[in-house]
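Enquirer: Dropping the structure in here first, questions after.
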Amino acid sequence: MVNDPACAIQSGKVNMPRQIEIKFEGHKIVCDLLDEDAPETCAKLWETLPVKSVTTNAKFVGDELIVMVPFMAEKENQLKDVGKGDVGYYPLQQTLCIFYGELLPFGFCNIVAKVTEGLEGLASVSQQVLEGGVVPTEISAVK
């Protein structure tokens with residue numbers, strides 16, 4: 001029996017969540033998509049992969065990185081009280097937001113994924129952004 005709530009058992013088989021990998025200069029993270037909680041946003045993200053973009057820092061709210069994405073999605077699974085490792089999407093702003101520490105979010109966002117690997121290195125990515133302006137970023141499917 002699998003005790004991971006992100007996994008589903010169907011027909012005796014374990015269905016693992018779809019995963020994305022986000023690569024920054026010198027660091028990468030792996031995230032589980034929350035397809036059941038935000039199906040429309042996750043589908044739109046998945047359909048656009050791979051994505052080449054840039055990452056900026058949301059220094060006005062705290063420990064949050066922002067990655068521009070090429071799709072629009074409506075509100076779903078919105079939270080304001082996000083946690084470390086949550087990945088959100090701000091509707092109508094075309095941004096994925098990766099929350100990696102202490103923060104004070106300024107609004108509600110669709111929670112679309114959870115970081116499962118690499119969270120501890122995001123502070124160094126943030127420092128790169130603060131020193132250089134933006135960091136080249138690539139989002140791809142983990143297969």
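The values are calculated or read from the model by the stated rules, or taken from the named source; none is laboratory data. If you're wondering where the values come from, they're calculated on a predicted model, not measured in any experiment. Neighbour counts are summed over all protein chains in view; Cβ atoms, including those assigned to glycine, are modelled from backbone coordinates with ideal geometry. Side chains are part of the model used for accessible areas, which takes the heavy atoms of the whole protein and leaves out ligands, DNA and RNA. Shrake-Rupley method; radii C 1.70, N 1.55, O 1.52, S 1.80 Å.
Enquirer: Show the residue pairs meeting these rules: Cβ distance below 8 Å; 6+ apart or different chains; first residue within segment 57-75 and touching a residue at least 60 places away in the same chain (Cβ under 8 Å); second residue part of a strand (DSSP E or B) and open to solvent by 80 Å² or more (accessible area, probe 1.4 Å).
Expert: D63/E102
Enquirer: Would you check which residues across segment 41-67 are outside any strand (DSSP E or B), under 26 Å from L103 (Cα atoms) and open to solvent by 30 Å² or more (accessible area, probe 1.4 Å) and list them?
Expert: So in segment 41-67, the residues outside any strand (DSSP E or B) come out as 41-50, 58-61.
Remaining after also requiring under 26 Å from L103 (Cα atoms): 41-42, 45, 58-61.
Correct list: K59, F60.
Enquirer: Filter segment 1-34 down to the residues that are open to solvent by 90 Å² or more (accessible area, probe 1.4 Å) and more than 15 Å from the chain's Cα centre (by Cα), then identify the one that is modelled with the lowest pLDDT.
Expert: M1
Enquirer: Can you tell me which of G107, G83 is surrounded by fewer than 19 Cβ atoms within 10 Å (Cβ to Cβ) and either among the acidic types (D, E) or without any contact (Cβ under 8 Å) to a residue 24 or more places away in the chain (or both)?
Expert: G83
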